[in-house]
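Engineer: Input: one structure, supplied below.
The values are calculated or read from the model by the stated rules, or taken from the named source; none is laboratory data. Keep in mind that what you see is a predicted model, and the values were worked out from it rather than measured. Positions of Cβ are backbone-derived with ideal geometry, glycine not excepted, and every protein chain shown enters the neighbour counts. Just so you know, the surface numbers come from the protein's heavy atoms only, side chains and all, with ligands and any DNA or RNA stripped out. Shrake-Rupley method; radii C 1.70, N 1.55, O 1.52, S 1.80 Å.
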Amino acid sequence: MRKSTRSVSRTAASSLAVAALALVGFQATGQTAAAATTAATAKASSVATCTTANTKVTVSPVSRPINHLLLKATNTGTKPCYAYSAPFLRAGADAQAPLAWVDESTPQSVLMLEPGGTAYAGISTYSPDGEGGSQVKTLGVLFTDRNGNATATEKSVKLPGGGVFFNSAAAVTYWQDNAADALVW
């Protein structure tokens with residue numbers, strides 16, 4: 001009987017040791033996950049929202065597709081910034097509403113621009129399906145914050161060729177990481 005008590009005691013002791021090691025491993029994993037979460041939070045807090053204060057905006061004509069412009073936003077700041085969603089664009093000083101966003105162009109994730117990095121948005125200026133329209137000389141650009149709201153300061157950019165024709169079908173894509181993807185829509 002004594003032998004069986006010893007083997008039960010050894011088995012129980014082994015089980016307790018395994019359970020203790022598992023608990024220590026679980027706690028270490030939890031600590032590692034907490035450290036990773038803290039590091040990710042610290043990195044996220046060091047990333048700003050792209051705005052007209054930390055980003056240079058330019059617009060240029062493209063040969064294809066027709067009736068399109070390419071909007072470039074280059075991070076001029078010293079830390080990374082997020083280019084959320086799509087820019088709010090005001091075609092001309094008298095514009096009543098921003099250009100529509102091309103929902104099909106939504107990227108899989110938010111675009112983060114390292115210092116010197118560039119984001120691209122394609123602008124379709126008009127379509128035969130659109131109504132009205134006028135020659136526009138400037139484009140007002142506002143960035144978007146993480147909640148989808150416009151940031152505070154608008155940047156006015158002169159359009160190429162002394163002006164570009166816009167009508168009601170004008171639209172802008174979401175920010176893309178390359179010009180080719182921005183000009184697909």
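Engineer: Filter region 75-101 down to residues that are more than 29 Å from Asn167 (Cβ to Cβ) and either among the small types (Gly, Ala, Ser) or not in a loop (DSSP other than H, G, I, E, B) (or both), then give me how many there are.
Structural biologist: Here is the first cut: in region 75-101, the residues more than 29 Å from Asn167 (Cβ to Cβ) are 75-82.
Pick out the ones that are also either among the small types (Gly, Ala, Ser) or not in a loop (DSSP other than H, G, I, E, B) (or both) and you get 75, 77, 81-82.
Residues in region 75-101 being more than 29 Å from Asn167 (Cβ to Cβ) and either among the small types (Gly, Ala, Ser) or not in a loop (DSSP other than H, G, I, E, B) (or both): 4 in total.
Engineer: Looking at Lys155, Lys137, which is the one that is of a type in the set (Lys, Arg), in contact with a Ser or Thr (Cβ under 9 Å, 6 or more places away or on another chain) and at pLDDT 95 or above? If you could, list the steps in order and put the result at the bottom.
Structural biologist: Details: Lys137 fails: in contact with a Ser or Thr (Cβ under 9 Å, 6 or more places away or on another chain).
Result: Lys155 is the single residue among Lys155, Lys137 that is of a type in the set (Lys, Arg), in contact with a Ser or Thr (Cβ under 9 Å, 6 or more places away or on another chain) and at pLDDT 95 or above.
Engineer: Do you know which residues across region 59-81 are within 17 Å of the chain's Cα centre (by Cα), surrounded by 20 or more Cβ atoms within 10 Å (Cβ to Cβ) and either modelled with pLDDT under 95 or not small (Gly, Ala, Ser) (or both)?
Structural biologist: Passing the criteria: Leu71, Asn75, Cys81.
Engineer: Just to check your reading of the model, which residue among Glu104, Glu131 is open to solvent by 30 Å² or more (accessible area, probe 1.4 Å), farther than 18 Å from Asn149 by Cα and in a helix (DSSP H, G or I)?
Structural biologist: On the way: Glu131 fails: in a helix (DSSP H, G or I).
Only one candidate qualifies: Glu104.
Engineer: Note down all Cβ pairs under 7 Å where the first residue falls in region 49-62 and is without any contact (Cβ under 8 Å) to a residue 40 or more places away in the chain, the second is outside any loop (DSSP other than H, G, I, E, B) and open to solvent by 30 Å² or more (accessible area, probe 1.4 Å), and they're at least six residues apart or on different chains.
Structural biologist: Filtered contacts from region 49-62: Lys56/Thr74.
Engineer: Could I ask something else about it? Would you be able to tell me the number of residues in region 139-155 that are free of Cβ contacts under 8 Å to residues at least 60 places away in the same chain and not in a loop (DSSP other than H, G, I, E, B)?
Structural biologist: If we filter region 139-155 for residues that are free of Cβ contacts under 8 Å to residues at least 60 places away in the same chain, which is where we start, we get 140, 147, 149.
Next, only the ones that are not in a loop (DSSP other than H, G, I, E, B) stay: 140.
So the count comes out to 1.
Engineer: Is it the case, given these coordinates, that Asn67 is polar (S, T, N, Q) and under 19 Å from Val184 (Cα atoms)?
Structural biologist: On the way: polar (S, T, N, Q): yes; under 19 Å from Val184 (Cα atoms): yes.
Spelling it out, Asn67 is indeed polar (S, T, N, Q) and under 19 Å from Val184 (Cα atoms).
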